[in-house]
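Enquirer: Questions regarding the structure given below will be posed in turn.
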Amino acid sequence: MVALVIAEHDNAALKGVTLNTVTAAAQCGGEVHLLVAGSGCGAVAEQAAKVAGVSKVLVADAPHFADGLAENVAEQILAVASAYSHILAPASAFGKNILPRVAARLDVAQISEITKVDTPDTFERPIYAGNAIATVQSTDSVKVITVRGTGFDAAAAEGGSAAVETVSSVADSGKSTFVGRELAKSDRPELTGAKIVVSGGRGMGSGDNFKILEPLADKLGAAMGASRAAVDAGYVPNDWQVGQTGKIVAPTLYIAVGISGAIQHLAGMKDSKTIVAINKDPEAPIFSVADYGIVGDLFEVVPALVKELG
Amino acid sequence: MKVLVPVKRVVDYNVKVRVKSDGSGVDIANVKMSMNPFDEIALEEATRLKEGGKVTEIVAVTCGVTQAQETLRTGMAIGADRGILVETGAEIEPLGVAKVLKALADKEQPQLIILGKQAIDDDSNQTGQMLAALLGWPQATFASKVVLEDGKVTVTREVDGGLETVALTLPAIVTTDLRLNEPRYVTLPNIMKAKKKPLETIKPEDLGVDVTPRLKTLKVAEPAKRSAGIKVPDVATLVAKLRTEAKVI
């Protein structure tokens with residue numbers, strides 16, 4: 001039994017969620033190989049070879065892998081798929097986009113967003129926005145799986161010494177072209193991987209008011225997030241959204257400011273280790289999941305909190 | 001140009017589902033059912049493309065029980081010209097649905113298939129990508145903007161950390177994200193008109209498709225409950241608790 005993990009990267013560095021996926025792959029019981037499909041991605045392959053628990057790194061390096069186009073990457077995975085019992089990718093925009101194509105072509109089901117490996121063919125996954133957890137057993141010969149990063153610890157980034165093997169690249173499908181990318185620039189940690197997250201909701205009142213969360217996030221080295229209500233109101237960009245339809249986070253500390261706690265938001269953060277809620281409404285549902293709550297005006301509480309942190 | 005819009009009948013997004021006590025699934029008897037919200041966005045987008053003169057016909061399709069006809073009628077009230085129900089009482093997984101849709105696409109020959117990025121019941125996020133693979137078509141998932149011109153479709157996608165734009169040759173698959181558009185309210189005259197639009201019912205067997213599930217659901221359980229904590233009187237107490245009790249800062 002050998003599992004293949006599809007590495008997510010930007011041709012310069014491996015994305016952290018790949019490491020959580022490696023842990024899930026290792027729990028499937030056999031060896032773990034990593035596939036790095038990219039363009040000029042030698043540095044990524046070197047990093048991949050050092051990941052603890054990985055015994056081989058396959059590298060497919062070609063210009064048409066530069067931007068992770070699903071058509072090309074899926075075809076590359078299929079070209080090496082026959083050697084594997086399990087094929088796993090992070091349940092990120094990258095992995096979700098590509099892996100179902102692989103499953104369909106292999107004529108097997110995909111098991112999406114697993115949070116636990118029970119046995120090599122039985123997995124747990126949330127359904128109904130996390131309101132229920134299904135335990136599913138695959139009857140297919142190959143298990144194609146996307147992995148929710150927050151369900152698994154990250155494998156150590158150092159300590160391994162895998163062999164790196166270059167595989168021949170499949171041809172460009174020619175059916176899709178990458179046009180461009182607008183990524184938000186930020187010095188803060190990435191939302192899904194951050195140890196501490198400070199999120200604001202509709203209670204912030206405006207996009208400008210989000211500025212009062214910045215000193216708090218700076219002090220704690222936290223990523224900044226938001227509820228869907230705040231995103232829909234246009235206060236902050238889409239990619240800040242934490243929730244069922246946004247990002248799923250599970251930091252050690254989650255601070256919800258002016259967030260009422262709609263089910264859809266709770267689905268995205270309720271696995272955080274410690275939750276703090278700051279809200280002026282003592283009846284807000286967020287307090288039912290918070291370890292520590294402060295009832296009060298966020299415009300007074302947040303600056304006071306920053307001061308108290310020193 | 002013809003557009004196919006696959007839709008799914010799901011438990012309404014406002015309903016908080018309950019897990020059955022025997023762990024066999026969630027209880028959906030007597031709960032409100034609606035069109036999957038992402039599919040509503042797909043129909044709205046197709047309808048806007050038609051209103052903009054880029055599309056001539058919209059066909060809404062669904063797989064499911066007899067009552068899924070209502071979902072198709074809603075689709076026709078939004079803007080679909082006709083509906084196809086692939087009727088089955090059995091549970092079909094995304095791979096099975098993708099096979100059914102491939103058979104329909106082979107028959108209908110659409111240039112574009114727009115569907116929701118995921119259904120809010122099983123949260124699989126697979127059908128569009130699987131269908132694209134089976135048809136050998138390119139795909140743009142998680143769309144927040146769709147521009148159709150000169151034999152290609154240019155799609156802005158919501159990805160981790162921002163937006164990405166891809167251009168696809170037609171025929172192609174687009175899956176919708178929340179911010180693509182805001183679906184219109186369905187008006188009474190349109191509901192009445194929808195009742196007169198053609199609705200065809202077929203069986204998966206008629207399409208020669210095997211939709212046998214590949215996954216066995218062994219158990220469905222409630223997620224671990226998080227108990228409510230305490231309210232603290234001031235920030236000093238909060239910081240002290242975070243430092244000494246929770247030890248997270």
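Enquirer: So if I check each of B:Ala143, B:Ala77, which one is of a type in the set (Gly, Ala, Ser), closer than 23 Å to A:Val179 by Cβ and surrounded by 19 or more Cβ atoms within 10 Å (Cβ to Cβ)? Please lay out each step first, then the result.
Expert: Working: B:Ala77 fails: closer than 23 Å to A:Val179 by Cβ.
After ruling out the rest, the residue left standing is B:Ala143.
Enquirer: Right, something else. Taking the stretch A:249-268 on its own, how many of its residues are more than 10 Å from every other protein chain (Cβ to nearest Cβ) and under 14 Å from B:Leu238 (Cβ atoms)?
Expert: Quick first cut of the stretch A:249-268, residues more than 10 Å from every other protein chain (Cβ to nearest Cβ) only: A:249-250, A:256-262, A:265, A:268.
Pick out the ones that are also under 14 Å from B:Leu238 (Cβ atoms) and you get A:256-257.
Qualifying residue count for the region: 2.
Enquirer: Also: Are any of the residues in the stretch A:93-106 more than 20 Å from B:Leu134 (Cα to Cα), of a type in the set (A, V, I, L, M), out of contact with any Leu (no Cβ under 7 Å at 6 or more places or on another chain) and away from every other protein chain (no Cβ under 14 Å)?
Expert: Narrowing the stretch A:93-106 to residues more than 20 Å from B:Leu134 (Cα to Cα): A:93.
When the remaining residues are screened for being of a type in the set (A, V, I, L, M), the result is A:93.
From what is left, the residues that are out of contact with any Leu (no Cβ under 7 Å at 6 or more places or on another chain) are A:93.
Add one more test, that the residue is away from every other protein chain (no Cβ under 14 Å), and what stays is none.
No, every residue in the stretch A:93-106 fails to be more than 20 Å from B:Leu134 (Cα to Cα), of a type in the set (A, V, I, L, M), out of contact with any Leu (no Cβ under 7 Å at 6 or more places or on another chain) and away from every other protein chain (no Cβ under 14 Å).
Enquirer: From the residues in the stretch B:1-28 that are part of a loop (DSSP other than H, G, I, E, B) and in contact with a helix residue (DSSP H, G or I) (Cβ under 8 Å, 6 or more places away or on another chain), which one is surrounded by the most Cβ atoms within 10 Å (Cβ to Cβ)? Step through it out loud before you land on a result.
Expert: From the stretch B:1-28, those part of a loop (DSSP other than H, G, I, E, B) are B:1, B:7-8, B:12-17, B:20-25, B:28; that's our starting set.
Adding the requirement that they be in contact with a helix residue (DSSP H, G or I) (Cβ under 8 Å, 6 or more places away or on another chain) leaves B:7-8, B:13, B:16-17.
On the way: B:Val7: 28, B:Lys8: 22, B:Tyr13: 15, B:Lys16: 10, B:Val17: 18.
This residue is B:Val7.
Enquirer: Looking only at the stretch B:191-217, which residues are outside any loop (DSSP other than H, G, I, E, B), within 22 Å of the chain's Cα centre (by Cα) and within 9 Å of chain A (Cβ to nearest Cβ)?
Expert: B:Leu215, B:Thr217 - these are the residues of the stretch B:191-217 that are outside any loop (DSSP other than H, G, I, E, B), within 22 Å of the chain's Cα centre (by Cα) and within 9 Å of chain A (Cβ to nearest Cβ).
Enquirer: What do you reckon, is A:Val102 touching a residue at least 12 places away in the same chain (Cβ under 8 Å), buried (at least 24 other Cβ atoms within 10 Å of the Cβ) and in contact with a His (Cβ under 9 Å, 6 or more places away or on another chain)?
Expert: Working: touching a residue at least 12 places away in the same chain (Cβ under 8 Å): yes; buried (at least 24 other Cβ atoms within 10 Å of the Cβ): yes; in contact with a His (Cβ under 9 Å, 6 or more places away or on another chain): no.
When the stated conditions are applied, A:Val102 does not pass them.
Enquirer: Please specify each residue of the stretch A:109-129 satisfying the condition of being outside any strand (DSSP E or B) and closer than 21 Å to B:Ile92 by Cα. Write out each step before concluding.
Expert: Initial filter on the stretch A:109-129 (outside any strand (DSSP E or B)): A:109, A:115, A:120-121, A:128-129.
A:Ala109, A:Asp121, A:Tyr128, A:Ala129 - these are the residues of the stretch A:109-129 that are outside any strand (DSSP E or B) and closer than 21 Å to B:Ile92 by Cα.
Enquirer: Sticking with this one: Just need a number here: residues in the stretch A:214-235 that are more than 9 Å from chain B (Cβ to nearest Cβ) and either crowded, with 24+ Cβ neighbours inside 10 Å or under 20 Å from the mean Cα position of the chain (by Cα) (or both).
Expert: 8
Enquirer: Right, next: Restricting attention to the stretch A:181-201, and to residues there that are among the basic types (Lys, Arg) and in a loop (DSSP other than H, G, I, E, B), which single residue is modelled with the lowest pLDDT? Walk me through it before giving the result.
Expert: If we filter the stretch A:181-201 for residues that are among the basic types (Lys, Arg), which is where we start, we get A:181, A:185, A:188, A:195.
Narrowing the set further to residues that are in a loop (DSSP other than H, G, I, E, B) leaves A:185, A:188, A:195.
Working: A:Lys185: 78, A:Arg188: 90, A:Lys195: 94.
Filtering first and then ranking leaves A:Lys185.
Conditions (1) at pLDDT 95 or above; (2) out of contact with any Ser or Thr (no Cβ under 8 Å at 6 or more places or on another chain), marked per residue:
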position	(1), (2)
A:Tyr128	no, yes
A:Val136	yes, no
A:Val147	yes, no
A:Val164	yes, yes
A:Val170	yes, yes
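Enquirer: Quick one: in the stretch A:130-148, of everything that is more than 7 Å from chain B (Cβ to nearest Cβ) and farther than 14 Å from A:Ser112 by Cβ, which residue is surrounded by the fewest Cβ atoms within 10 Å (Cβ to Cβ)? Working first, answer last.
Expert: Initially, the stretch A:130-148 is screened for residues more than 7 Å from chain B (Cβ to nearest Cβ), giving A:141-148.
Still in the running and farther than 14 Å from A:Ser112 by Cβ: A:141-142.
Numbers: A:Ser141: 9, A:Val142: 19.
Result: A:Ser141.
Enquirer: Can you tell me which residues in the stretch A:28-52 are within 22 Å of A:Glu124 (Cβ to Cβ) and crowded, with 17+ Cβ neighbours inside 10 Å? Working first, answer last.
Expert: Restricting attention to the stretch A:28-52, the residues satisfying the condition of being within 22 Å of A:Glu124 (Cβ to Cβ) are A:28-30, A:32.
Passing the criteria: A:Cys28, A:Val32.
Enquirer: Mind checking whether some residue in the stretch B:53-76 is of a type in the set (D, E, K, R), assigned to a helix (DSSP H, G or I) and without any contact (Cβ under 8 Å) to a residue 60 or more places away in the chain? Break it down into steps so the answer makes sense when it comes.
Expert: From the stretch B:53-76, those of a type in the set (D, E, K, R) are B:54, B:57, B:70, B:73; that's our starting set.
Subset that is assigned to a helix (DSSP H, G or I): B:70, B:73.
Remaining after also requiring without any contact (Cβ under 8 Å) to a residue 60 or more places away in the chain: none.
Within the stretch B:53-76, not a single residue is of a type in the set (D, E, K, R), assigned to a helix (DSSP H, G or I) and without any contact (Cβ under 8 Å) to a residue 60 or more places away in the chain.
Yes or no, residue by residue, for (1) in contact with a strand residue (DSSP E or B) (Cβ under 9 Å, 6 or more places away or on another chain); (2) assigned to a loop (DSSP other than H, G, I, E, B):
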{"residue": "A:Asp239", "(1), (2)": "yes, no"}
{"residue": "A:Thr245", "(1), (2)": "no, yes"}
{"residue": "A:Gln264", "(1), (2)": "no, no"}
{"residue": "A:Ala277", "(1), (2)": "yes, no"}
{"residue": "A:Pro282", "(1), (2)": "yes, yes"}
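Enquirer: Continuing with this model, one more query. Under 6 Å by Cβ, and 6 or more places apart or on different chains, what pairs join a residue from the stretch B:26-40 that is touching a residue at least 24 places away in the same chain (Cβ under 8 Å) with one that is surrounded by 18 or more Cβ atoms within 10 Å (Cβ to Cβ) and part of a helix (DSSP H, G or I)?
Expert: Within 6 Å, the pairs are B:Met35/B:Thr71; B:Met35/B:Thr74.
Enquirer: Taking the stretch B:138-182, which residues are in a loop (DSSP other than H, G, I, E, B) and facing chain A (nearest Cβ under 7 Å)? Outline the logic, then answer.
Expert: Residues of the stretch B:138-182 that are in a loop (DSSP other than H, G, I, E, B), as a first pass: B:138, B:150-151, B:160-161, B:170-171, B:177, B:181-182.
B:Pro138, B:Asp160, B:Gly161, listed by residue number.
Enquirer: Condition (residue is within 30 Å of A:Ile196 (Cα to Cα), facing chain A (nearest Cβ under 8 Å), assigned to a strand (DSSP E or B) and modelled with pLDDT of 95 or more) applied to the stretch B:218-228: is it met by at least one residue?
Expert: Yes, because at least one residue in the stretch B:218-228 is within 30 Å of A:Ile196 (Cα to Cα), facing chain A (nearest Cβ under 8 Å), assigned to a strand (DSSP E or B) and modelled with pLDDT of 95 or more.
Enquirer: Continuing with this model, one more query. For the stretch A:269-298, give me the residue count where each residue is surrounded by fewer than 16 Cβ atoms within 10 Å (Cβ to Cβ) and more than 8 Å from chain B (Cβ to nearest Cβ).
Expert: Going through the stretch A:269-298 one residue at a time, the tally reaches 4.
Enquirer: Tell me, which residue of the stretch B:29-55 that is of a type in the set (Val, Ile, Thr) and within 14 Å of chain A (Cβ to nearest Cβ) is surrounded by the most Cβ atoms within 10 Å (Cβ to Cβ)? Even if it seems obvious, please write down each step before you answer.
Expert: Kept after step one, since they are of a type in the set (Val, Ile, Thr), are these residues of the stretch B:29-55: B:31, B:41, B:47, B:55.
Subsequent filtering for residues that are within 14 Å of chain A (Cβ to nearest Cβ) retains B:31, B:41.
Working: B:Val31: 13, B:Ile41: 24.
Checking each candidate, the answer is B:Ile41.
Enquirer: I'd like to verify a number: residues in the stretch B:206-249 that are loosely packed, with under 13 Cβ neighbours inside 10 Å and among the polar types (S, T, N, Q), how many?
Expert: 3
The values are calculated or read from the model by the stated rules, or taken from the named source; none is laboratory data. The structure presented is a predicted model; accordingly, all values stated were derived computationally and were not measured. Backbone-built Cβ (ideal geometry, glycine too); neighbour counts: all protein chains shown.
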